[in-house]
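Enquirer: Next up is a structure, given as structure tokens.
The values are calculated or read from the model by the stated rules, or taken from the named source; none is laboratory data. Since this is a predicted model, take the numbers as computed values, not measurements. Ideal geometry is used to build each Cβ from the backbone, glycine not excepted, and the neighbour counts take in all protein chains shown.
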Amino acid sequence: MTEHTTSARPTVADIRRVGQPDSIRKRRNAEHWTADVYGRRISPYLTLGALRLGMSANAVTWVMLAIGWVAALTVALPGWGFAVLAVVLTHLQMVVDSSDGEVARWRGTSGPVGIFIDKLAHYTTEALIALAFGVRAAGGFGEISDNLAWTTWGGLFATLLLLNKVVNDLVVSSRAQGGLPPAKDAAEVAAPRVSGVARLRRAARFVPFHRLFHAVELATVIALAAIIDAFVGGIDVTRWTLIGLVVAVVVTGLGHVTAILSSSRLRA
């Protein structure tokens, strides 16, 4: 595909027009809430800078991945300040996540490679944050050998979080291998057909703890625990939060699988 040629030197307005079409902004699940609140307002300025530097969309996505990994590293470092820094970095990651797609749409270079790197960035960031939370609960890198139980909890959390995330990809691959087209991204397709499951799914909207496993929300919960620990002295809040998140991801995963199997997502 050829580079977009509406303007040799695009403006922020050009980038918003080409890089933020309704087909992207109005997707049911693909946009994180940060995009609506501030991300799509800021991202065109990053996109403009990336275009002027000659960066490809994939290069921007690699930057997004690197920011996420640094955020995970800061989670592992003791003290509430590093935990708050992780929150800032995850928000920055989400803005860059909007920018890479805008670069791709402006250049006309959207494709499977970019999608792959984007998924890699999100999956590894969230898994590494979960692992890093185990290190934080142990007291930091220097305390791992004396507190292996907490790093084990972190490893379990990361594994379960990844399993929960991969379920949606299993739907895509299962439909493809079954000879079906991609499922329509619509509420009626995702809605459970079993009344009891549907009621539980509606109830979950009032306590949306399933959203805790995105990088921004996860880093925020960790930072809140770290701040409380700093005031009361100790690390107990951090450790109990880790255990609570493991329980929450188990419940979320079971509900996720049940909702998919009782919906039309795996049916023609």
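Enquirer: Among ALA72, ALA66, ALA76, ALA132, which is hydrophobic (A, V, I, L, M, F, W, C), farther than 25 Å from ARG16 by Cβ and surrounded by fewer than 16 Cβ atoms within 10 Å (Cβ to Cβ)? First the steps, then the outcome.
Expert: Numbers: ALA72 fails: surrounded by fewer than 16 Cβ atoms within 10 Å (Cβ to Cβ); ALA76 fails: surrounded by fewer than 16 Cβ atoms within 10 Å (Cβ to Cβ); ALA132 fails: surrounded by fewer than 16 Cβ atoms within 10 Å (Cβ to Cβ).
ALA66 is the lone residue from the list that is hydrophobic (A, V, I, L, M, F, W, C), farther than 25 Å from ARG16 by Cβ and surrounded by fewer than 16 Cβ atoms within 10 Å (Cβ to Cβ).
Enquirer: Select from segment 177-195 the residues that are part of a helix (DSSP H, G or I), at pLDDT below 90 and either closer than 12 Å to LEU266 by Cβ or touching a strand residue (DSSP E or B) at 6+ places or on another chain (Cβ under 7 Å) (or both) and list them in ascending order.
Expert: VAL189, ALA190
Enquirer: Name the residues in segment 223-243 that are aliphatic (A, V, I, L, M) and outside any helix (DSSP H, G or I), would you?
Expert: Kept after step one, since they are aliphatic (A, V, I, L, M), are these residues of segment 223-243: 223-228, 230, 232, 235, 237, 242-243.
Within segment 223-243, ILE235 is the sole residue that qualifies.
Enquirer: Which ones in segment 139-178 are of a type in the set (Phe, Trp, Tyr) and either under 18 Å from the mean Cα position of the chain (by Cα) or buried (at least 17 other Cβ atoms within 10 Å of the Cβ) (or both)? Steps first, answer last, please.
Expert: Keep residues of segment 139-178 that are of a type in the set (Phe, Trp, Tyr), which gives 141, 150, 153, 157.
Once the filter is applied, which keeps residues that are of a type in the set (Phe, Trp, Tyr) and either under 18 Å from the mean Cα position of the chain (by Cα) or buried (at least 17 other Cβ atoms within 10 Å of the Cβ) (or both), segment 139-178 yields TRP150, TRP153, PHE157.
Enquirer: If we keep just the residues of segment 103-150 that are among the polar types (S, T, N, Q) and not in a helix (DSSP H, G or I), which is modelled with the highest pLDDT?
Expert: Initial filter on segment 103-150 (among the polar types (S, T, N, Q)): 109-110, 124-125, 145, 147.
Filter once more, so that each one left must be not in a helix (DSSP H, G or I): 109-110, 147.
Numbers: THR109: 87, SER110: 86, ASN147: 90.
Of everything passing the filter in segment 103-150, ASN147 is modelled with the highest pLDDT.
Enquirer: Name the pairs whose Cβ atoms lie under 6 Å apart, with the first residue in segment 165-178 and at negative phi, the second of a type in the set (D, E, K, R) and part of a loop (DSSP other than H, G, I, E, B), and 6 or more positions between them or separate chains?
Expert: Matching pairs, first to second residue: VAL171/ARG265.
Enquirer: Any residue in segment 257-268 that's β-branched (Val, Ile, Thr): show its pairings with residues that are outside any loop (DSSP other than H, G, I, E, B) at Cβ separation under 7 Å, as long as the two are six or more apart or on different chains.
Expert: Going by the 7 Å Cβ cut-off, the qualifying pairs are VAL257/VAL167; THR258/VAL197; ILE260/VAL167; ILE260/VAL171.
Enquirer: Go through (1) touching a Leu at 6+ places or on another chain (Cβ under 8 Å); (2) of a type outside the set (Asp, Glu); (3) under 30 Å from THR47 (Cβ atoms); (4) crowded, with 19+ Cβ neighbours inside 10 Å one by one and return the number of the condition LEU89 breaks.
Expert: Condition (1) is where LEU89 drops out.
Enquirer: A follow-up question, please. Kindly list, by first and then second residue, each pair from a residue in segment 13-29 that is within 13 Å of PRO44 (Cβ to Cβ) to a residue that is of a type in the set (A, V, I, L, M) and modelled with pLDDT of 85 or more, limited to pairs with Cβ atoms under 7 Å and residues at least 6 apart or on different chains.
Expert: If the second residue must be of a type in the set (A, V, I, L, M) and modelled with pLDDT of 85 or more, the pairs left are ILE15/LEU48.
Enquirer: Quick one: LEU46 ticks every box in (1) farther than 30 Å from ALA13 by Cα; (2) crowded, with 20+ Cβ neighbours inside 10 Å; (3) in contact (Cβ under 8 Å) with a residue 40 or more places away in the chain except a single one, so which number is it?
Expert: Evaluating LEU46 over (1) farther than 30 Å from ALA13 by Cα; (2) crowded, with 20+ Cβ neighbours inside 10 Å; (3) in contact (Cβ under 8 Å) with a residue 40 or more places away in the chain leaves (1) as the failure.
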